[in-house]
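Could you have a look at this structure, given as structure tokens, before my questions?
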Amino acid sequence: MADNSSLVVGGSSEQQINEQVIIVQLLVMIFLCINLLLILTFFKKEYFYTTTRYILFAVTLLSDSFILFMSNVLLILSYFQITMDVCLCIIISVAVFLYLMVTPVTLTAMTQERYVAICMPLRHRELCSTRSTVYCILIIHALSSVPCIVILSTFFASAHLNFYTQYRICTVEIFILYTWQDHIRSAVHQFYFLIMCIIIVFSYVKIMKVAKAASGEDKKSTWKGLRTVILHAFQLLLCLLRLWCPLIEAAILQISLRLFINVRYFNYIMFSLVPRCLTPLIYGLRDEMFFHALKKDVLFGLYK
């Protein structure tokens, strides 16, 4: 299930791979530490865990942290060529497939929350209550599970019984036994991201209209919300481009093994790690209230 995490291919330069793996370990550790600090800050103040946008922010933090941790574990297992039982790989992959989709779907929900807050302020309290947010999180997980169900259903329908007793390196490729399965997986993902892009564009246009009509403090708040929507759109774009990575890598593998390793490494950094480090930037550092709470926790910790 390493997807872009599988940076290791036999016959490559061991020194280069070592450097790549070490760099990835450092980046993952930094991002996980930042996310942990943000999660602790979230749970320390009641206002955060009773407000919709902060709750959804925490969902993305937890989802991103899980994916960062699991992709890193699978990267290390792949690097050392450690195999595991296919059934165990399936169990791990169910969670990974699910939370790979939870982040972009949650980002779309966060965009909708900003749309309601700016374009429908009188209904914001009603539509974005704590109870509504809990329902929203359940819907997010239900929608995110559909691609996972599709991928695993096509796999279960195609794999022989003896396949489940084998030991393999846990990568996404073991679930793609035939070309048509890859096409179905790609089609489902493209459909999801098309819908997400439509929602983002719709929200952007509506907020833009309100921003032009607003004045004073309302105008400042609206333009800030508009910038948040743009950053969400950028994150979703990176997630969308990640879907094309396997196709590009497969074509490059036919040309050069060394180039394939370098491209796969770049894709993992750019389209897997970078989108997940943008979440703390968008809501953890740009949000004035959360940033002050975070700064207070950090300074208090250093003081102690």
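Report, in whole Å, the centroid distance computed from the Cα atoms of segment 51-68 and segment 111-187.
If we compute the Cα centre of each part, the gap is 16 Å.
For the chain, what is the relative contact order in percent, using Cα pairs closer than 8 Å and at least 6 residues apart in sequence?
Numbers: 291 pairs, mean separation 83.4, N = 304.
Reported as a whole number, the value is 27 percent.
Moving on to the next point. Would you indicate which of (i) 6, 25, 32, 23, 12, 3, 0; (ii) 6, 25, 27, 19, 14, 7, 2, 0; (iii) 5, 18, 20, 15, 12, 10, 8, 6, 4, 1, 0, 0 is the value of P(r) over Cα pairs in 10 Å bins from 0, in percent derived from the coordinates of this structure?
Step by step, P(r) over Cα pairs in 10 Å bins from 0, in percent for this structure corresponds to label (i).
Now a separate question. Starting from 0.36 nm per residue, how many nanometres of slack lie between Leu177 and Arg286 once their C-alpha separation is accounted for? Working shown, then result.
Working: separation 109, 0.36 × 109 = 39.24 nm, distance 4.43 nm.
Here the segment from Leu177 to Arg286 would lengthen by 34.8 nm.
Sequence-distant or interchain residues sharing an amide H contact under 5 Å with Met84, placed H: which?
Correct list: Arg168, Ile169, Cys170.
What is the calculated FRET efficiency for Met84 to Leu127, with r their C-beta to C-beta distance and R₀ = 45 Å, to the nearest 0.05?
Values: r = 45 Å, r/R0 = 0.99.
Once the sixth-power term is evaluated, E becomes 0.50.
With angles folded into 0 to 90 degrees, how steeply does helix 288-303 sit against the dominant principal axis of the chain? Use alpha carbons for both and round to 10.
The helix 288-303 is inclined about 70 degrees to the chain.
What residue among Leu238, Leu278, Leu161 shows peak mean-square fluctuation when the chain is described by a Gaussian network model with Cα springs under 10 Å?
Greatest mean-square fluctuation among the candidates belongs to Leu161.
Return the single residue from Ile23, Ile269, Ile200 with maximal mean-square fluctuation; model: Gaussian network over the chain, springs between Cα atoms under 10 Å.
Maximum fluctuation in the GNM of the chain, among the listed residues, is at Ile23.
Can you give me the distance in nm between label points at Val94 and Arg168, each placed 7 Å from the Cα along the Cα-to-Cβ direction?
The modelled label-to-label distance comes out at 1.7 nm.
Continuing with the same structure: What FRET efficiency would be calculated for the residue pair Ser153, Lys220, taking the C-beta separation as r and a Förster radius of 35 Å, to the nearest 0.05?
Numbers: r = 49 Å, r/R0 = 1.40.
Computed FRET efficiency for Ser153 and Lys220: 0.10.
Pop the C-beta distance of Cys277 and Lys44 into the FRET formula with R0 = 22 Å and round what comes out to the nearest 0.05. Could the numbers behind the result be given before it?
Working: r = 22 Å, r/R0 = 1.01.
After rounding, the FRET efficiency stands at 0.50.
Report in % the part of the accessible area of segment 222-298 that belongs to carbon and sulfur, leaving out ligands and nucleic acids; probe 1.4 Å. Working shown, then result.
Working: 2650 of 3580 Å².
Carbon and sulfur: 74 percent of the exposed surface of segment 222-298.
Tell me, for the chain, which Cys residues have no other cysteine's C-beta sitting closer than 4.7 Å.
Cys33, Cys87, Cys119, Cys128, Cys136, Cys148, Cys197, Cys239, Cys245, Cys277
How large is the accessible surface per residue of segment 188-273, computed with a 1.4 Å probe and reported in Å² as a whole number? Kindly include the intermediate steps, with their values, before the conclusion.
Values: 4630 Å² over 86 residues.
Heavy-atom accessible area per residue stands at 54 Å².
Using the heavy atoms of the protein chains and a 1.4 angstrom probe, tell me the accessible area per residue for segment 124-182 in square angstrom.
Values: 3530 Å² over 59 residues.
Counting only protein heavy atoms, the per-residue value for segment 124-182 is 60 Å².
For segment 206-211, take each phi angle, set θ = phi - 60°, evaluate the Karplus expression 6.51 cos²θ - 1.76 cosθ + 1.60, and give the result in whole Hz per residue in order, putting x for glycine and proline.
My calculation for segment 206-211 gives 5, 5, 4, 5, 5, 4 Hz in order.
Measure off, as a whole percent, the carbon and sulfur share of the 1.4 Å-probe accessible area of segment 10-144, all protein chains present.
Whole-percent figure for carbon plus sulfur exposure: 70.
The values are calculated or read from the model by the stated rules, or taken from the named source; none is laboratory data. If you're wondering where the values come from, they're calculated on a predicted model, not measured in any experiment. As a convention, Cβ positions derive from the backbone with ideal geometry for all residues, glycine included, and neighbour counts pool all protein chains shown. Only protein heavy atoms, including side chains, enter the accessible area calculation; ligands, DNA and RNA are left aside. Shrake-Rupley method; radii C 1.70, N 1.55, O 1.52, S 1.80 Å.
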